[in-house]
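Here's the structure we're looking at; comments come further down.
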Amino acid sequence: MSRKPATSSTKPPRIRAHSSKLGLQRIAIPFIAFATTAGGLFMLTTNGTPTEEVNPDGIATVVVLSALPAGAPTADVIASSEVRMLPSSARAEGALTDLDAIPSGVLAADLVPGQQVLISSIADDVVDALGPGLVAVSVRLDPQRWAGPLTTTGDTVTVHDVGDNATTVIAREVRIVSAPDPSELGSRSEQVITLAVPENTATDVITAAADNRLWLVGS
């Protein structure tokens, strides 16, 4: 009787998936860390938080080169301004970044050379540019009562009520909102002048002008 050859009970070693998973984890961990860092940097630059780090030259900012009075049209603002690169720490809140971003209207306040142009620097019209507590009053005056080297559009004057026996100051630091060019006036030609006066003095200004007692002195 023949015998069957003995078979070994030892099974071949099984290749476990654990080692392959471990290798994938070793590759995936640094990749995930890199992706997280890159994503954070992307969000940081697109949100513009540390702008100087993204753009070492600074942020575009509109700056005026010459003095401009309140009430000046935006065409004058554009012609008298340039774009400079400033660090975010030096920029005022609401500073405009481009000349094309300056809206149509007029200056709401005086600007001096080197001053930044803000969105709040521009008003829709002259009335809006007067400021709180001020109203626009138009009066008719002959040139001798207002024209002079310091009295033209944008300048400030002291408003006097010239009576028979005394002269009274009605208001100080009153801005001339609108006036004709004094060099084009005749010696006796009356012209309409628009003033930005404190609201509580408007009645006195109108009354003095109606009685031909109003006089403007450059300040």
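Please treat every number below as a calculation from the coordinates, not as lab data. Worth saying up front: this structure is predicted, and the values here are computed from it rather than measured. Note: ideal-geometry Cβ built from the backbone for every residue, glycine included; neighbour counts use all protein chains shown.
Values for this structure:
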read-out	value
Efficiency of FRET between Ser104 and Arg140 - r from beta-carbon atoms, R0 25 angstrom, step 0.05	0.25
Simple spin-label estimate for Glu199 and Ala90 in nanometres, 7 Å along Cα-Cβ	4.0 nm
Förster radius 45 Å - calculated FRET efficiency between Val83 and Val162 (Cβ-Cβ, nearest 0.05)	0.40
Two-site label geometry, Asp211 and Asp124: point separation in nm, points 7 Å out along Cα→Cβ	3.7 nm
Amide hydrogen neighbours beyond the local backbone of Ala72, cut-off 5 Å, H modeled	Leu107
